[in-house]
Amino acid sequence: MRPVKSAGDFVETNCTKCKALTNHTIVAMIAELIVKVECNVCHSVHKYHPPKEAKAVKAPKAARPAGEPVRRVKKDPVLEAAAEWDELQASFDPERAIPYNMTATYRVRNLVLHPTFGIGLVQKVLPQNKIEVLFKDGRKLLRCG
Ligand SMILES: [Zn+2]
């Protein structure tokens with residue numbers, strides 16, 4: 001704790017006129033708060049500005065001003081897949097979609113029609129009879145023949 005000061009005491013603070021850290025005489029106080037000081041160098045009386053580091057501890061972080069873009073820390077893979085699906089679906093021909101069947105074989109860029117997920121685009125054919133399909137709800141791994 002810093003010792004309690006009273007009017008007439010000296011305090012080192014930034015002088016608004018000298019634009020430097022100078023010794024000031026405390027002119028006015030409210031309770032234990034120094035409100036007005038007189039610079040011992042230029043004798044101008046001004047408000048007391050508490051040292052920055054003391055202020056930083058106390059002051060809570062200012063709320064983000066409205067309108068500033070939110071920086072997303074982590075990309076949401078589901079949202080990303082949905083956006084990609086949206087972009088690709090313009091080129092989808094539902095007529096060409098192959099109803100999904102776990103015993104069928106698929107190739108990359110095949111369109112599949114899944115009873116639950118709807119139309120999806122085969123993006124990867126993986127070992128052990130699996131395909132990675134991009135659906136509106138995200139990427140899914142499906143079995144194939
Ligand atoms: Zn001064």
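The values are calculated or read from the model by the stated rules, or taken from the named source; none is laboratory data. Quick caveat, the model's predicted, so the values are computed rather than measured. Note that each Cβ is placed from the backbone with ideal geometry, even for glycine, and that neighbours are counted across all protein chains shown.
Observations
For (1) aliphatic (A, V, I, L, M); (2) closer than 30 Å to Ile131 by Cα; (3) within 16 Å of the ligand (Cβ to nearest atom); (4) modelled with pLDDT under 90, each residue gets a yes or a no:
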position: Val35; (1), (2), (3), (4): yes, no, no, no
position: Lys52; (1), (2), (3), (4): no, no, no, yes
position: Ala56; (1), (2), (3), (4): yes, no, no, yes
position: Ala63; (1), (2), (3), (4): yes, no, no, yes
position: Pro77; (1), (2), (3), (4): no, yes, no, yes
position: Ala83; (1), (2), (3), (4): yes, yes, no, no
position: Val108; (1), (2), (3), (4): yes, yes, no, no
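Conditions tested, residue by residue: (1) assigned to a loop (DSSP other than H, G, I, E, B); (2) free of Cβ contacts under 8 Å to residues at least 12 places away in the same chain.
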site	(1), (2)
Glu80	no, yes
Glu84	no, no
Asn101	yes, no
Gln128	yes, yes
Glu132	no, yes
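- Taken over the stretch 89-121, the criterion of being among the polar types (S, T, N, Q) and surrounded by fewer than 10 Cβ atoms within 10 Å (Cβ to Cβ) is satisfied by Ser91, Thr103, Thr116.
- Filtering the stretch 16-33 to residues that are within 16 Å of the ligand (Cβ to nearest atom), over 11 Å from His46 (Cβ atoms) and part of a loop (DSSP other than H, G, I, E, B) leaves only Lys19.
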